[in-house]
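A.B. asks: Sharing a structure, written as structure tokens. Questions coming.
The numbers here are math on the coordinates, done by the rules we state, and not lab data. A quick note: this is a predicted structure, and the numbers were derived from the prediction, not measured. Quick reminder, even Gly has a Cβ in these numbers, built from the backbone with ideal geometry, and neighbours come from all protein chains shown.
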Amino acid sequence: MAEHKPDQMEFYKQEELQQIDLNPPKEGWQDQPADFRPGSWIYPTKPKHLESLGMPNPREWSPADEDWQLPENWQEIIHKKFKELLGKYRSFRIFMDTCVRCGACADKCHFFIGGGDPKNMPVLRAELVRSIYRNDFTTVGKILGRACGGRKLTMDVIKEWFYYFYQCTECRRCSVFCPYGIDTAEITMMAREMLHELGLGVNWIMEPVANCHRTGNHLGIQPHGLKDTLEFFCEDIEDVTGIHIDPPINKKGAEVLFVTPSGDFLADPGTFTCMGYMMLFEEIGLDYTWSTYASEGGNFGLFTSADVMKKLNAKIYAEAKRLGVKYIIGGECGHMWRVLNQYMDTMNGPADFLDVPKSPITGTVFENSRSTKMIHITEFTADLIKHGKLKLDPKMNDHVRVTFHDSCNPARAMGLLEEPRYIINSVCNNFHEMPENTIREQTFCCGGGAGLGTDENMEMRLRGGMPRGTAVRHVQEKYDVNQLACVCAIDRATLVTVCDYWAPGVQVTGVHELVANAMVMKGQKERTMNLRLEPLPGAEEKEANDGES
Amino acid sequence: MAEFKAGDQVVDIDEDGFLQEPDKWNEVVAAALGGTEGVDDLTEDHWKVVNFLRDYYLEFGVAPMIRKLCKETGFKLNVIYELFPSGPAKGACKIAGLPKPTGCV
């Protein structure tokens, strides 16, 4: 095997990654240029994607180049956009004015904890933008300049923005601790939006955006491909349960439109979670439909700009209208719920043409989604379980000792803390929490959210994943935990690497995979395999005994 | 974007070495890309995987699920890794001239 490269986990030795130097550099932070070492930055957007989206300055370039090929008047462009954003968002201006440098946020960022780079302290990350604000947009800054914390907008500043605002996962853990509630995610969003004016973005975000814009989902799966995929899942479901399912697709007049992140259509273990949704809906006889047009729950527009986010979000509602459904259920996605709960209503809403979600099985009305008309699947399923509508046999999951990773956005952007736990406790007998300062609203990010989960960013993913990974290892050592459940597709993709590195032996799963494995379906055959087509522990012995006799 | 030499042909590849224009793919390109991923000799088993990926891509425009690849070729995942040491995505898909999947994957 060839030598390992910086985009591979094996390239990094734990003992080296853990040697973190917390001594501040001798020179001031203002003049320290970003160090673009391989493994710590993400490939730039391919020009064809910017062209297809009509976004500025498409070209071939690399952050490792000296010349980033910006338009001549790049300073003017940034200044104009900065001014526009300050006028548009009162929150942005407040975040620029308010910070008192108390330091409460400083050690709360997973990238700072795992890497020790001072510019990954949220206070300093914000200061990268705030120093320009002070210099260019405040009277005192215009007069005193550097003496009051102002900084001139130079090319090094732009490079630093690109480096550090793509080292923020917009997870908002720091904001929980800020006495003023400064939302670093929004500062990152503003910085990225300004950078896009110069054609500075990353391909791991913009290719999914272009795909979603064109085809309906981040992966670019076309209608016949989605149909083929769902039918493939149904074959496996039939092998496991003996039950045949015909997936409803683009069904006009269905009661519910179901939308999940497209990662669930391609990558394990998300695919097993997707099978779980399908089995649940079949079992309760839900009148629902998939859509090949709104085939993406995620919204990488959130990681790009307000306009792009709005456009991608609108597709879900346009499709709900076209199909004539009553309301929408969303799958186990993370950042989708930040978009839904905090932006959708004023961006594309209120969705008055839909009904307030009401479970056809229990009659429960989901008042919390009275305006967006969209509920999280764990809210829906927890309600089913609470009303005794599912036959569950948690013993089916007895070989699993599970812990729960609160995905950042469902936890902090919608307060979804109890429902997943209630479900897991109903379908598993062995559930163990990680330490309290690493879960619920204090949950640690997977290290790959907000578009950072790509392999060329491996060093930062492993560093950023260290706090979460260490907490997983803690429950692995203490309770022999062997599965980490979560409700986010980015988590399901990136935490596999985090666990393999920091807590090897722990698998990643979605909540509805656990549900479906424990659910006793009407007319099912005796289960001998789980959804991964692995023999169940009892079944394995039985098979061996049968073989001997 | 960089240029990559495959026999007499020169094709464009991205930072990770994935082919940029899928139409430029042919068996010579596949063999040359194999050399970058620790596959020096494309055997019948390699071609079974590569041809399935290629056909799926031409029909659906994207890479298939790894599970589908395993089921359709009859090779378990560990066998795929034996054939393609850098794995189904970085190894097999690259050799078959497919683009790298992006998104929540």
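A.B. asks: Whole Å is fine, so just give me how far the alpha carbon centre of the stretch B:72-105 lies from that of the stretch A:1-55.
C.D. replies: Answer, in whole Å: 25.
A.B. asks: Which is farthest toward the positive dipole end of chain A among A:L462, A:A518, A:G349, measuring Cα position about the Cα centre, with Cβ charges +1 (Lys, Arg) and -1 (Asp, Glu)?
C.D. replies: A:G349
A.B. asks: I'd like the mean, over residues of B:94-103, of how many other protein chain beta carbons sit within 10 Å of each residue's own Cβ. Kindly include the intermediate steps, with their values, before the conclusion.
C.D. replies: On the way: counts 0, 0, 0, 0, 0, 3, 6, 11, 17, 26.
Across B:94-103, the average partner-chain Cβ count within 10 Å equals 6.
A.B. asks: By counting other Cβ atoms within 10 Å of each Cβ, how are A:R37, A:R492, A:R461 ranked from fewest to most? Could you put the intermediate results ahead of the total?
C.D. replies: Numbers: A:R37 10, A:R492 33, A:R461 28.
Fewest to most other Cβ atoms nearby, the residues stand as A:R37, A:R461, A:R492.
A.B. asks: For the stretch A:9-201, build the charge dipole from Cβ charges (+1 Lys, Arg; -1 Asp, Glu) around the Cα centre, then report which of A:N23, A:N57, A:G150 sits farthest towards its positive end.
C.D. replies: Of the candidates, A:G150 comes out farthest on the positive side.
A.B. asks: Sticking with this one: Using a simple charge model, +1 on the beta-carbon of Lys and Arg, -1 on the beta-carbon of Asp and Glu, nothing else, what dipole does the protein assembly as shown show about its Cα centre, in debye to the nearest 20? Please report the intermediate quantities before stating the final value.
C.D. replies: On the way: 71 positive and 94 negative charges, 581 e Å.
So the magnitude is around 2780 debye.
A.B. asks: Label point 7 Å out from A:R322 along Cα-to-Cβ: which residues of the stretch A:204-232 have amide N under 14 Å?
C.D. replies: A:213-217, A:222-224
A.B. asks: Right, another one. For the peptides A:80-90, A:281-291, A:18-28, what is the packing order when you average, over each peptide's residues, the other Cβ atoms within 10 Å and list the highest mean first?
C.D. replies: Values: A:80-90: 14.3, A:281-291: 19.8, A:18-28: 9.1.
In descending order of packing, they fall as A:281-291, A:80-90, A:18-28.
A.B. asks: Same structure again: Compute the helix-to-body angle for A:203-215: its Cα long axis versus the longest principal axis of chain A, expressed 0 to 90° and rounded to tens.
C.D. replies: The helix A:203-215 is inclined about 60 degrees to chain A.
A.B. asks: So what J values fall out for the stretch A:449-457 if you push phi through Karplus, 6.51 cos²θ - 1.76 cosθ + 1.60 with θ = phi - 60°, rounded to Hz, Gly and Pro as x?
C.D. replies: So the J values, rounded to whole Hz, are x, 6, x, 9, x, 9, 5, 5, 9.
A.B. asks: Continuing with this model, one more query. Peptide B:59-71: average number of partner chain Cβ atoms within 10 Å per residue?
C.D. replies: Values: counts 4, 9, 7, 12, 4, 5, 10, 4, 10, 5, 0, 0, 4.
Counting other chains' Cβ atoms within 10 Å and averaging over B:59-71 gives 6.
A.B. asks: At a 10 angstrom cut-off on C-beta neighbours, averaged per residue, how do the peptides A:370-376, A:228-234, A:63-69, B:11-17 rank from highest to lowest?
C.D. replies: Averaged packing, sorted descending, gives the order A:370-376, A:228-234, B:11-17, A:63-69.
A.B. asks: Can you give the extra length, in nm with one decimal, that the chain gains between A:I143 and A:H432 once fully stretched, where that is 0.36 nm per residue apart less the Cα-Cα distance?
C.D. replies: Numbers: separation 289, 0.36 × 289 = 104.04 nm, distance 5.70 nm.
Extra length from A:I143 to A:H432 when fully extended: 98.3 nm.
A.B. asks: Taking Cα atoms of the stretch B:2-105, Rg/Rh with Kirkwood Rh, to two decimals?
C.D. replies: Details: Rg = 12.6 Å, Rh = 13.5 Å.
With Rh from the inverse mean 1/r over Cα pairs, Rg/Rh is 0.93.
A.B. asks: Just going by the charge dipole of chain A, with Lys and Arg at +1 and Asp and Glu at -1 on Cβ, which of A:H405, A:F137, A:C445 is farthest out on the positive end?
C.D. replies: Selected residue: A:F137.
A.B. asks: Quick one: dipole size for the stretch A:201-268, taken about the Cα centre, charges +1 on Lys/Arg Cβ and -1 on Asp/Glu Cβ, in debye to the nearest 20.
C.D. replies: Details: 4 positive and 11 negative charges, 108 e Å.
The calculation lands at about 520 debye.
A.B. asks: Averaged over peptide A:215-224, how many Cβ atoms belonging to another chain are found within 10 Å of each residue's Cβ? Don't jump to the answer; show the numbers that get you there.
C.D. replies: Numbers: counts 2, 0, 3, 5, 8, 8, 6, 4, 1, 3.
Counting Cβ atoms of other protein chains within 10 Å of each residue's Cβ and averaging gives 4.
A.B. asks: How many nm is it between the label spots at A:Y479 and A:K391, if each spot is 7 Å from the Cα in line with the beta carbon?
C.D. replies: 2.9 nm
A.B. asks: Just how large is the dipole of the stretch A:9-201 about the Cα centre, in debye to the nearest 20, putting +1 at every Lys and Arg Cβ and -1 at every Asp and Glu Cβ? Each step should come with its number before you reach the end.
C.D. replies: Details: 26 positive and 27 negative charges, 168 e Å.
In debye, rounded to 20, the stretch A:9-201 gives about 800.
A.B. asks: Using packing as a proxy for protection, rank B:57-68, A:479-490 so that the peptide with the highest average count of other Cβ atoms within 10 Å comes first.
C.D. replies: Details: B:57-68: 18.8, A:479-490: 24.5.
Descending mean neighbour count gives A:479-490, B:57-68.
A.B. asks: For the stretch B:33-68 and the stretch A:157-197, compute the distance between their C-alpha centroids and round to whole Å.
C.D. replies: 40 Å
A.B. asks: Please state the relative contact order of chain A as a whole percent: Cα pairs under 8 Å, 6+ residues apart?
C.D. replies: Working: 1006 pairs, mean separation 92.6, N = 549.
Contact order relative to length: 17 percent.
A.B. asks: Can you give the FRET efficiency to the nearest 0.05 for A:N73 and B:L77, using r as the Cβ-Cβ distance and R₀ = 45 Å?
C.D. replies: About 0.30, to the nearest 0.05.
A.B. asks: Something else now. So how far apart, in nm, are the two label points at B:K5 and A:D97 if each is 7 Å from Cα heading toward Cβ?
C.D. replies: Between B:K5 and A:D97, the label points sit 6.3 nm apart.
A.B. asks: Distance cut-off 19 Å, Cα to Cα: go down the list A:K227/A:K251; B:K48/B:K68; B:K24/B:K94; A:K81/A:K119; A:K26/A:K119 and report the pairs above it.
C.D. replies: Numbers: A:K227/A:K251 13 Å; B:K48/B:K68 14 Å; B:K24/B:K94 13 Å; A:K81/A:K119 23 Å; A:K26/A:K119 14 Å.
Correct reply: A:K81/A:K119.
A.B. asks: How big is the antiparallel share of DSSP beta bridges in chain A, given as a percent to the nearest 5? Write out the running numbers ahead of the final one.
C.D. replies: Working: 4 of 22 bridges.
Once the DSSP bridges in chain A are tallied, antiparallel ones form about 20 percent.
A.B. asks: Which of the residue pairs A:K386/A:K525; A:K159/A:K311; A:K373/A:K478 have a Cα-Cα distance greater than 32 Å in the structure shown?
C.D. replies: Details: A:K386/A:K525 26 Å; A:K159/A:K311 28 Å; A:K373/A:K478 42 Å.
In this structure, A:K373/A:K478 exceed 32 Å between Cα atoms.
A.B. asks: Report the chymotrypsin sites (Phe, Trp or Tyr not before Pro) located in the stretch A:30-63 that are in a DSSP loop and have at most 16 other Cβ atoms inside 10 Å of their Cβ, or state none.
C.D. replies: On the way: sites: A:F36, A:W41, A:W61; in loops: A:F36, A:W41, A:W61.
Answer by residue number: A:F36.
A.B. asks: How big is the gap, in Å, between the Cα center of the stretch A:425-454 and the Cα center of the stretch A:94-153?
C.D. replies: 29 Å
A.B. asks: What does the extension gain come out to for A:R90 and A:T154, with contour length at 0.36 nm per residue minus their alpha carbon separation? Don't jump to the answer; show the numbers that get you there.
C.D. replies: Numbers: separation 64, 0.36 × 64 = 23.04 nm, distance 2.58 nm.
Going from the current span to full extension adds 20.5 nm.
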